[in-house]
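The values are calculated or read from the model by the stated rules, or taken from the named source; none is laboratory data. Computed from a prediction, not measured in an experiment: that's the story for all the values here. Glycine also receives a Cβ, built like all others from the backbone with ideal geometry; neighbour counts cover every protein chain displayed. For the accessible areas, the whole protein counts, side chains as well, though only heavy atoms, and no ligand, DNA or RNA atoms are used. Shrake-Rupley method; radii C 1.70, N 1.55, O 1.52, S 1.80 Å.
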Amino acid sequence: MNWSLLSVFIPTFFVVSITPGMCMTLALSMGITIGVRRALWMMAGELVGVAVVATSAAIGVATFMLKYPTAFTVFKYAGGAYLAWLGIQMWRSRGKMAMPESEDEAPAQATRGQLATQGFVTAIANPKGWAFFVALLPPFIDSELPMAPQLTALILIILALEFLCLQLYAHGGRGLRKLLRQGGGVRTVNRVAGSLMLLVGGWLAFG
C-alpha cells in the first residue's frame, strides 16, 4: 500500500460516507421502524452492492455503463417504485416494515432476504454511486504497486467506513423512534419512516 495515499483516502471516504444519501436515509428509516438489529440485513445487502460497484469502477466496467445510462433506467425506476410502495405501506401503518399500531397486533416482519435485497438494489441502482467511485477511487491506486492487494484493501476500508456510517444512522433512527412515540404514537413513527422511504424511492428513480 501507498501509505501517503491511504492517509488521505480514509478521511475522504469517511466524509463521503457520512454525508446523507439514499443508503443512509434508508438506514435511518429502518432504525425507526424495525430497529438496528434487523436493519443489519439491509446493511449486509447494501455493503455487497457497494463492493460490486467499487470493484466494477476500479476495473472499468462502470465507465462503460455510464456511457450507456439506459442500462440503469429500468433498474433504477423499478427499485424506486418498490421503495416508494414500501413507503406508502409504512405511511399507512401497513406492510412488513411498519410498526403495528396495536400491541395485540402481531407484526408481519420482512424476511432477511427481503431486507438484504432492499439494501443491495439501493446500492446498485444508484448512478451517482457509480459515477462517484469512477471519479474518486482510481486516483488512490498506485500504478507502481500490485493492483489486486491495493483494491482489496481499499474496498475493505470502504466497506468498514460505510458500515460504521450505516450504524450511526440506524442508531439515530432508533433514538428518533423513542422521541416520536412519546410525541405522537406509533402512527407518527410509521409516517415519518414512510416519508423517508418515499424520499429514498424518489431519489433513486429521479435523482
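Bin all alpha-carbon pair distances of region 1-62 at 10 Å intervals from 0 and give each bin's fraction as a whole percent.
So the P(r) values, bin by bin, are 19, 38, 32, 11, 0.
Using a Förster radius of 30 Å, what is the FRET efficiency between Leu136 and Ala78 based on their Cβ-Cβ separation? Nearest 0.05, please. Don't jump to the answer; show the numbers that get you there.
Numbers: r = 27 Å, r/R0 = 0.91.
My answer for the efficiency is 0.65.
Using packing as a proxy for protection, rank 172-178, 22-28 so that the peptide with the highest average count of other Cβ atoms within 10 Å comes first.
Details: 172-178: 17.6, 22-28: 24.6.
Result, highest mean Cβ count within 10 Å first: 22-28, 172-178.
Heavy atoms only, probe 1.4 angstrom, no DNA, RNA or ligands counted: give me Tyr77, Tyr169 ranked by accessible area, highest first. Show your work: numbers first, answer last.
Numbers: Tyr77 100, Tyr169 45 Å².
Descending accessible area places them as Tyr77, Tyr169.
Residues of region 112-196: accessible area per residue at 1.4 Å, in Å²?
49 Å²
Rounded to the nearest 10 Å², what accessible area does Arg92 show when all protein chains are kept and the probe is 1.4 Å?
Number for this one is 110 Å².
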